[in-house]
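Below is one structure, written out as structure tokens; comments come after it.
The values are calculated or read from the model by the stated rules, or taken from the named source; none is laboratory data. Bear in mind the structure is a predicted one, so any value in this text is a computation, not a measurement. We place every Cβ from the backbone using ideal geometry, glycine too, and count neighbours over all the protein chains shown.
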Amino acid sequence: MMHTNRRTRTFIAVPIHPPRGLRKLLPKLDQLGTAVRPILVDQMHITLKFLGPTELDDIMPISHLLKKMRTLFPPIKLAFKGLGAFPNAERPNVIWAGISDPAPLAEMVQFLEQETELLGYPLERKGFHPHLTLARVNAKPPEELFEILRDRANAEWGEVTVDTIKFFQSELKTERAQYHEMQTIKLIHR
């Protein structure tokens, strides 16, 4: 009998179509050479809950959770403000845009944390730091990146409406992670 892998890496996220300000910034990041790899616009998202290795038996219960969220949470407006880096601006690995008022997202995160803990998934120890990943830095970046981070630390990027939650499977390929959509739900206007 063939042994199949009964687990897959998954996460729950809201897809983000970047506002105009960020769409103008992305080509600038793209011109910084091979050290800086911008995220593809159609893959941009804010992770609400990273589940990691997920048992196939849990996919249906997680799917039901998302369906529940459809009526619990209305669509929300998110305003993007600020530019920063993890772990810090001196040694950037990830370039991100901040969110002015993350409270509506934090409510979704709290719901997912409680509900997925009941399924046996650990609570996120680091807390929720809502941000939109714009690029990954995999080598010593050019000085220009540090200038961009300094100049736009408090920039206002515009706002978007979030009305969709997606359940993704993540496959780690050599170059970058590939995401496969397993489920999409639309939040209902109340």
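Is it true that some residue in segment 34-47 is exposed (fewer than 14 other Cβ atoms within 10 Å of the Cβ) and closer than 20 Å to Pro122 by Cβ?
no
Scanning segment 33-52 for residues that are touching a residue at least 40 places away in the same chain (Cβ under 8 Å), closer than 29 Å to Ala139 by Cβ, not charged (D, E, K, R) and not in a helix (DSSP H, G or I) gives Gly33, Thr34, Ala35, Val36, Pro38, Ile39, Met44, His45, Ile46, Phe50, Gly52.
Just one of the listed residues (Ala153, Ala139, Ala135) is part of a loop (DSSP other than H, G, I, E, B), in contact (Cβ under 8 Å) with a residue 24 or more places away in the chain, surrounded by 12 or more Cβ atoms within 10 Å (Cβ to Cβ) and of a type in the set (Gly, Ala, Ser), namely Ala153. Among the residues of segment 64-84 satisfying the criterion of being hydrophobic (A, V, I, L, M, F, W, C) and surrounded by fewer than 16 Cβ atoms within 10 Å (Cβ to Cβ), which is farthest from Lys24 (Cα to Cα)? Among those residues, the one meeting the criterion is Leu72.
Screening Lys68 with (1) in a helix (DSSP H, G or I); (2) within 26 Å of Thr34 (Cα to Cα); (3) basic (Lys, Arg) gives one miss only, at (2). In segment 52-63, the condition of being touching a strand residue (DSSP E or B) at 6+ places or on another chain (Cβ under 6 Å), surrounded by 18 or more Cβ atoms within 10 Å (Cβ to Cβ), of a type in the set (A, V, I, L, M) and modelled with pLDDT of 95 or more is met by no residue.
Has segment 120-137 got at least one residue that is modelled with pLDDT of 95 or more, over 18 Å from Arg37 (Cα atoms) and of a type in the set (A, V, I, L, M)? No, that holds for no residue.
Taken across segment 175-188, residues that are in a loop (DSSP other than H, G, I, E, B) and free of Cβ contacts under 8 Å to residues at least 40 places away in the same chain do occur, with at least one present.
Number of residues in segment 85-119 that are closer than 17 Å to Asn154 by Cβ, buried (at least 18 other Cβ atoms within 10 Å of the Cβ), in contact (Cβ under 8 Å) with a residue 60 or more places away in the chain and of a type outside the set (Val, Ile, Thr): the value is 2.
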